[in-house]
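What follows draws every value from the coordinates through simple rules; no lab data is involved. Please read these numbers as outputs of a predicted model, since none were measured by experiment. Reconstructed Cβ throughout: ideal geometry from the backbone, glycine too, with neighbour counts over all protein chains shown.
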Amino acid sequence: MKRFVVVGHRAASSGDFKLDDMAGGAGRLDILLRCINSTFFLSHGIRRDAEIYLVLQGEPNPPRTIRINGSEVRYLNPDERSTGALVRNALLKDLEGDEVRSSPGIYISKRSFSQVLEDLSKVSRIVYLKEDGQDVRGQDLEGDITFVISDHQDLREEEEALLLAHQPLTVTLGPLSYHADHCITIMLNELDRRQ
């Protein structure tokens, strides 16, 4: 399994936003929607061996974590508006218990970034995508692996400390700074080339 954990520092944690204003009123949720698309969409297909966790830390009810599983997901289309509608529908769910299914392959919970890392570190190798890491080429990236990235802001000092406590492999994708969704595309291409 290939997993991505994306921290949305200002991303709305309730479904009270307009689909026409996901960049502003939803706290840059548009960035996370592009990350969803980069994780799953191929030409005429969907990656079934991928999963993404969106850790929403914006107001009014943080944290909220949306998990999308490629082997189960349905109704996912490549446009941001319809993906935004799926995320909004998840955010409108009443949360009781650990995780609630919103639609096929889409789940929502109250898990924090710390809890997500704790859960995933038990089943997966953690890789931190960071500009000053080791070059990804030449690194061993076999098996069940989870990549952690941030939105348009760097991880906060306390978030990075939580991540580093899990002793991740820290890698860079190249000599330039890339958008979060582009990092996912580049990373998946790197893994595709190795198969």
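Listed values, structure above:
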read-out: Positive minus negative residues near residue 178 (Lys, Arg vs Asp, Glu; Cβ under 13 Å); value: -2
read-out: Pairwise label distance in nanometres, residue 19 with residue 96, each label 7 Å out on the Cα-Cβ vector; value: 2.9 nm
read-out: ³J(HN,Hα) computed for each position of the stretch 186-195 - Karplus, 6.51 cos²θ - 1.76 cosθ + 1.60, integer Hz, glycine/proline x; value: 5, 5, 5, 5, 4, 5, 4, 5, 7, 7
read-out: DSSP-defined beta bridges in the stretch 96-149 - what % are antiparallel, rounded to 5; value: 50 percent
read-out: Calculated Rg and Dmax of the Cα atoms in Å (choose from [x] 17.0, 52; [y] 17.2, 63; [z] 15.5, 45), label; value: [z]
read-out: The chain, relative contact order [Cα under 8 Å, separation at least 6], %; value: 25 percent
read-out: Added length on full extension, which subtracts the Cα-Cα distance from 0.36 nm per residue, residue 48 to residue 121; value: 24.2 nm
read-out: Cα centroid separation - the stretch 139-187 against the stretch 1-52, whole Å; value: 16 Å
read-out: Beta bridges per DSSP with both ends in the stretch 2-194, % antiparallel, nearest 5; value: 40 percent
read-out: Helical contribution to [θ] at 222 nm, DSSP H n ≥ 4, -39,500 (n - 2.57), averaged over the chain, rounded to 500; value: -8500 deg cm²/dmol
read-out: Nearest 10 degrees, 0 to 90: helix 29-40 Cα axis against the chain principal axis; value: 60 degrees
read-out: Net length gained if the chain between residue 112 and residue 74 were fully extended (0.36 nm per residue, minus Cα distance); value: 11.1 nm
read-out: Zone of residue 142's modelled label, taken as backbone nitrogen in the stretch 1-21 under 19 Å from a point 7 Å along Cα→Cβ; value: 1-3
read-out: Ordering of 115-121, 164-170 by packing [mean C-beta count within 10 Å, highest first]; value: 115-121, 164-170
read-out: Links that overshoot a 30 Å alpha carbon limit, given the list 2/93; 18/130; 93/130; value: 18/130; 93/130
